[in-house]
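Everything on this sheet refers to the single structure shown next.
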Amino acid sequence: MTLITMIDNGTQSGAHTALIVNGSQRVIFDPAGSFQNERVPRRDDVLYGIRPAVLAAYKGAHARSEYHIVLQTVEVRPDVAEQAIRLAIARGSVGDAQCAASTIALLKQLDGFSQMSSTLFPKRLMNNFATLPGVQTEKYYEDDEGTILDGIAKVQL
């Protein structure tokens, strides 16, 4: 699973939270999100068919001169991933400004995440997620002209 947090480059505050779950299918739980693409099926706040090109498009839609993305990945058992997918699908649509709250509510139902603190703030969720054992963190930057060249994006670790 990968927690995605959009960070304002000016204020360094969190702007949005989403969660990639890789199980029997790869989805993005994008609560109260605005990502739309005619080739990416979306039902309520779940995006389906997240291939590498789709993930690149998702990241590119959020990273720009004002924002960068922090991706925090943690390995989970297959049954935990499947439960996360089921919970995301069952959640339905999330109201505005509820991305972090709905993501932490989902995570707290999963084995290994119950100790996480509830929050309304994406950056607090990101900091909380960082304390999980084995988390790998990556930062992704892109400017307004786009830095994706031949399908490869500039990534700062």
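Just so it is clear, none of the values below were taken in a lab; they were calculated from the coordinates. Note that the structure is a prediction, hence the values are computed from the model and not measured. Cβ placement follows ideal geometry from the backbone for every residue including glycine, while neighbour counts extend to all protein chains displayed.
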Subject >> Exposure proxy ranking, count of Cβ atoms within 10 Å, fewest first, for Asp144, Asp45 >> reply: Asp144, Asp45
Subject >> Highest-MSF residue in the chain out of Ala61, Ala101, Ala88 [GNM, Cα springs under 10 Å] >> reply: Ala61
**OP:** For the chain, with a Gaussian network of springs between Cα atoms less than 10 Å apart, report the residue from Gly14, Gly95, Gly33 with the top mean-square fluctuation.
**Re:** Gly95
Original post:
How big is the chain in terms of Cα radius of gyration and Dmax, in angstroms?
Top reply: 14.5, 42
Subject >> Lysine pairs within the chain, Cα separation less than 21 Å, 8 or more sequence positions apart or different chains >> reply: 6
Original post:
Are there GluC sites (Glu not before Pro) in the stretch 15-107 that DSSP puts in a loop and that have at most 14 other Cβ atoms within 10 Å, and which ones?
Top reply: Glu38, Glu66, Glu75
Original post:
Can you give me the relative contact order of the chain as a percent, contacts being Cα pairs under 8 Å and 6 or more apart?
Top reply: 28 percent
**OP:** Scan around Ala32 for amide H atoms under 5 Å from its own, H built in the peptide plane at 1.01 Å from N, and keep only partners 5 or more places away or cross-chain.
**Re:** Val94
Subject >> Selection from Val54, Val80, Ala101, by position along the positive dipole direction of the chain (Cβ) >> reply: Val80
